[in-house]
1. How much length is gained if the chain between ILE22 and ALA86 is pulled fully straight, taking 0.36 nm per residue apart and subtracting their Cα-Cα distance, in nm to one decimal?
2. Please give me the summed charge of the neighbours of GLU90: other residues whose Cβ is under 13 Å from its Cβ, Lys and Arg +1, Asp and Glu -1.
3. Sorting check: for 123-131, 14-22, 111-119, which peptide has the highest mean count of neighbouring beta carbons within 10 Å, and how do the rest follow?
4. Calculate what fraction, in whole %, of the accessible area of segment 59-142 sits on carbon and sulfur atoms when a 1.4 Å probe is rolled over the protein chains.
5. Given R₀ = 22 Å, FRET efficiency for SER114-LYS93 by Cβ-Cβ distance, to 0.05?
6. Set the Förster distance to 41 Å, then compute FRET efficiency between LYS60 and THR38 from the Cβ-Cβ distance, nearest 0.05.
7. Under 5 Å between amide hydrogens, which residues at least 5 positions from VAL75 or on another chain qualify, with H placed 1.01 Å from N in the peptide plane?
8. Cross-link candidates for LYS49: which lysines have Cα within less than 25 Å, leaving aside residues fewer than 8 places away along the same chain?
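The values are calculated or read from the model by the stated rules, or taken from the named source; none is laboratory data. Everything quoted here is computed from the prediction, not taken from an experiment. So basically every Cβ, Gly included, is an ideal-geometry build from the backbone, and we count neighbours across all protein chains shown. With ligands, DNA and RNA removed, areas are computed over all heavy atoms of the protein, side chains included. Shrake-Rupley method; radii C 1.70, N 1.55, O 1.52, S 1.80 Å.
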Amino acid sequence: MPLLKRRTKRDAEIPSGSMADIAFLLLIFFLLVTTINTEKGIYMQLPPKLDEQVDPPEIKDRNLLVILVNNNGDVLVEGEFMRVDAIRGEIVKHITNEGRDPGYSENPDKAVVSFKTERALSYERYVEVLDEIKGAYIDVRNQYANQLAGVDYPTYLARLDEDDVDEVKEKYPLKISLAEPDPG
């Protein structure tokens, strides 16, 4: 009787020769498909650089609404403590005063909101207060656009030509002075 060779049984294996290729392809796939959000910060259009020989225009105290925020996030409007959600109403009064109350601006074109912080203020609180300031201007423009065309300001922007939109912006110009932070 001939001897039969006994086969040794092999264990099943997953071929690992191409694993590095697969990992590399997955890495490239995720790098191409993933979006990286780089839009961090506050978009603000800066005014043109002033000529150094020309002095900045004088602003009467009456036309300047001063908002200070300290390191703790406490908000002072004209030296008085105020909640962040109350800032908007105060700014709207300042912008739309038209000279009636001597504590507020003479007219919307002369109204300026000065926003000053201490250097260690948290970014979140800075954005929160700045949003309230800009929101006040949006509210005032919205109200004016409603008077002109019976629609809110964003709808007004979409429906009308640039001349009409410029009328709203000229009536209530966005005048925010971002003062240098105190070293605090």
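1. Details: separation 64, 0.36 × 64 = 23.04 nm, distance 5.77 nm.
Here the answer is 17.3 nm.
2. Numbers: positive: ARG83, ARG88, LYS93; negative: GLU78, GLU80, ASP85, ASP101, GLU132, ASP139.
For residues surrounding GLU90, the net value is -3.
3. Details: 123-131: 15.0, 14-22: 7.8, 111-119: 18.4.
Going by the mean number of other Cβ atoms within 10 Å, highest first, we get 111-119, 123-131, 14-22.
4. Numbers: 2010 of 4200 Å².
Here it works out to 48 percent.
5. On the way: r = 16 Å, r/R0 = 0.72.
Calculated value: 0.90.
6. Details: r = 42 Å, r/R0 = 1.02.
My answer for the efficiency is 0.45.
7. Answer set, sorted by chain and number: MET82.
8. LYS40, LYS60, LYS110, LYS116, LYS134, LYS169, LYS171, LYS175
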